[in-house]
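The structure's right below; bear with me while I get my questions together.
The values are calculated or read from the model by the stated rules, or taken from the named source; none is laboratory data. Just so it is clear, the model here is predicted, and its values are computed rather than measured. Methodologically, a virtual Cβ is constructed for each residue, glycine included, from the backbone with ideal geometry; neighbour enumeration extends over all protein chains shown.
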Amino acid sequence: MLSDQISGCDATVRASEIGAFMAQLVPDRPLGADEGFRWGDPEAEVTGVMVAFMPTVEVIEACAAEGCELLIAHELLQMPYPWHGGALEEHLTWPVNRRRIGLLARHGITLFRAHGTLDTFCVLDRFAQVLGLGEVVAGEGYTRVWQIEPTTVRDLARQVKDRVGMNAIRVSGDLDQTVSRVGLPWGGVGLSLNAGTINSVIEQGADVLIAGESDEYAMRMVRDCRVPLIETGHAVSEEPGLEYFAGYLAEQFPDLRVVFHRSAPAWEVL
C-alpha cells in the first residue's frame, strides 16, 4: 500500500530521543516489557520515521524505499510470540524471521515496538471515533460500553463495513437482533486468548461487540451469551489510531520526516 507522508522536513535526531519520547507518551504508564527497541542501533541518526501496524516484509521494504531509518511498529517482529515458547534466537532459522531480520539488517533500519502504550494513547479511542460512537455509558479503560440508537445487527454491520471501508465483514449472531450498547474488543482483544476481557465487556452490559480480529472459539463464546459480534480486522481496527499517532509524532518533531504506512490486506474474499 502507498505510504502517507505526515511531515516532509529533513532533520537528524537519534533514535534514542524518540524512544525517550515514547517512554513518556502516556503519563504514569511506563513502556511494557514487550515494548522498546527490538532491532538495530538505538543511537542511530534518524531523518525519517515510518509508523506501521506490523514489521512485515512489505512494511520493511516500504520503510527502506522511503529512506526511513527508524520503524515504529505496533506488533511484534518475530514468530512464534515469546509466550508461546522460545526466544527469538531459538527461531532465527524460521523463514519469516530470517526474511524480516535480514531486511532490517540489510537496510540498516532500527525497530521500535509501541504496543500497549499506543493502545492506551489513541488506538482504542480512534477506533470508536471511526465507528461514529459517542457517549460511553459503562465501564472504563479497555472495557467501556458505548450507547447507540437501537438498531438491528444487520444494519449495524452494514454501517461498520462502510465506516471502515471493507468490502466484506464477518458477523456472528442473530442479524435481526436489536442492539444498542456496543463493546469494542479492538485489535486482538476479540480473540479467545483474551476471553477474560471479552467477558468483562459483556458483564459491563454490552449487547453487541464490534471487534478487530476474532476466532471461532470466541465467536461461539459470545453466541452462548447471546451477544452478536461484528469482526473488522486486527489492522483495520488499529491503523486509524496509528495514523493519528504518526501525525502527533510529526507535530512533536516538526523537523523530522514522519511517514504512516497502511498495510495491505492479509487476505481476500472470493
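Quick grid of which residues meet (1) in contact with a Gly (Cβ under 8 Å, 6 or more places away or on another chain); (2) in the same structural domain as R29 (by TED's automatic domain parsing); (3) small (G, A, S); (4) not in a helix (DSSP H, G or I):
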| position | (1), (2), (3), (4) |
| --- | --- |
| V96 | no, yes, no, no |
| L103 | no, yes, no, no |
| R106 | no, yes, no, no |
| A128 | no, no, yes, no |
| G134 | no, no, yes, yes |
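How many residues are surrounded by fewer than 19 Cβ atoms within 10 Å (Cβ to Cβ), under 20 Å from the mean Cα position of the chain (by Cα) and not charged (D, E, K, R) when one looks only at segment 195-220?
Going through segment 195-220 one residue at a time, the tally reaches 3.
I'd like to verify a number: residues in segment 221-263 that are exposed (fewer than 14 other Cβ atoms within 10 Å of the Cβ), assigned by TED's automatic domain parsing to the domain that holds W186 and either part of a helix (DSSP H, G or I) or of a type in the set (G, A, S) (or both), how many?
1
Restricting to segment 145-181, and then to whatever is in a strand (DSSP E or B) and touching a Pro at 6+ places or on another chain (Cβ under 8 Å), can you tell me which residue is nearest to D125 (Cα to Cα)?
Only one residue fits best here, namely S180.
Is one or more of the residues making up segment 158-173 of a type in the set (G, A, S), surrounded by 15 or more Cβ atoms within 10 Å (Cβ to Cβ), touching a Ser or Thr at 6+ places or on another chain (Cβ under 8 Å) and over 30 Å from D28 (Cβ atoms)?
Yes: one or more hits.
Then there's this: Can you name the residue in segment 59-93 that is in a helix (DSSP H, G or I) and crowded, with 16+ Cβ neighbours inside 10 Å and is also nearest to the chain's Cα centre (by Cα) among such residues?
Selected residue: V59.
Kindly list the number of the only condition in (1) farther than 12 Å from T232 by Cβ; (2) touching a residue at least 40 places away in the same chain (Cβ under 8 Å) that fails for T178.
That leaves (2) as the condition not met.
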